[in-house]
Amino acid sequence: MITMKNFIAEDDPILRQVAEPVQFPLSEEDEQLIEKMREFLINSQTPEIAEEYNLRPGVGVAAPQLGISKQIFAIYLTEFDEEGNVTDVIIDEVFINPRILKHSVKKIALSEGEGCLSVPRSVPGIVPRPKRVTFEYQDIEGDYYEAKLTDYEAIVIQHEIDHLKGILFYDHIDAENPWETDDNTSIL
Ligand code: CO
């Protein structure tokens, strides 16, 4: 199983590379990787397992974070109760070779900034991103899909797509005025 030990260091150059497109049909290696990435996200959101293996809870994980420079990421986005137990699954999907087709001019940012499993510290500042994105991707069969996401879900998908381009969340933070927003950016 994937644990935090499988995540490469924040300063590893792989995190800054543009990841390679994935060929279909998937290799057995890719299939296993995908299965493990999804399992990791579920484990990381299951309080007993996360505690036992010291997993930081994660909504998304991209292959480059594990040292594999391929255009693959998994998202497991849920709603949970006060004890941290999952009550509803919003997105449970693997995205391959994603490409943003359209995005809004209006931006959105999380009030407390963003975090990342590859960044073992908190980096203060808001991370403005387009509020709406339309993107295409392939699933594990290689079939093409187009999806449109807004607000929090749009933030999550853009954070992960960034990983495939060698971009980390804090690249978007204004170093001089980390908490300042403009009229175009709403806070979530
Ligand atoms: Co990240």
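The values are calculated or read from the model by the stated rules, or taken from the named source; none is laboratory data. Remember, it's a predicted structure, so these values are computed and weren't measured experimentally. Every residue, glycine as well, gets a Cβ built from its backbone with ideal geometry; the counts of neighbours run over all protein chains shown.
Out of all the residues in region 26-61, which are among the hydroxyl-bearing types (S, T, Y) and either in a helix (DSSP H, G or I) or closer than 20 Å to S122 by Cβ (or both)? Spell out the reasoning first.
Going through region 26-61, the residues among the hydroxyl-bearing types (S, T, Y) turn out to be 27, 44, 46, 53.
Across region 26-61, the qualifying residues are S44, Y53.
How many of the residues making up region 111-144 are more than 23 Å from I68 (Cβ to Cβ) and among the small types (G, A, S)? Break it down into steps so the answer makes sense when it comes.
First, pick out the residues of region 111-144 that are more than 23 Å from I68 (Cβ to Cβ): 111-113, 121-134.
Still in the running and among the small types (G, A, S): 111, 113, 122, 125.
So the count comes out to 4.
Being of a type outside the set (A, V, I, L, M, F, W, C), free of Cβ contacts under 8 Å to residues at least 12 places away in the same chain and either surrounded by 15 or more Cβ atoms within 10 Å (Cβ to Cβ) or within 16 Å of the ligand (Cβ to nearest atom) (or both) is the requirement here; does S122 meet it? Even if it seems obvious, please write down each step before you answer.
Numbers: of a type outside the set (A, V, I, L, M, F, W, C): yes; free of Cβ contacts under 8 Å to residues at least 12 places away in the same chain: yes; either surrounded by 15 or more Cβ atoms within 10 Å (Cβ to Cβ) or within 16 Å of the ligand (Cβ to nearest atom) (or both): yes.
In short, yes.
Return only the number of the condition from (1) part of a strand (DSSP E or B); (2) within 15 Å of the ligand (Cβ to nearest atom) that P64 does not satisfy.
The failed condition is (1).
Hey, can you tell me all the residues within region 163-178 that are more than 16 Å from the ligand (Cβ to nearest atom) and either loosely packed, with under 13 Cβ neighbours inside 10 Å or within 20 Å of G67 (Cβ to Cβ) (or both)? It would help to see each step written out before you state the result.
To start, the set of residues in region 163-178 that are more than 16 Å from the ligand (Cβ to nearest atom) comprises 174-178.
Hits for region 163-178 are A175, E176, N177.
Which residue pairs have Cβ atoms closer than 6 Å, lie 6 or more positions apart in sequence or on different chains, and pair a first residue in region 145-162 that is farther than 20 Å from Q65 by Cα with a second residue that is at pLDDT 95 or above and within 15 Å of the ligand (Cβ to nearest atom)?
From residues that are farther than 20 Å from Q65 by Cα, the pairs are L149/I157.
Do you know which residues across region 69-110 are outside any strand (DSSP E or B) and touching a helix residue (DSSP H, G or I) at 6+ places or on another chain (Cβ under 6 Å)? Walk me through it before giving the result.
Initial filter on region 69-110 (outside any strand (DSSP E or B)): 69, 71, 81-85, 104-106, 110.
Scanning region 69-110 gives S69, Q71, G84.
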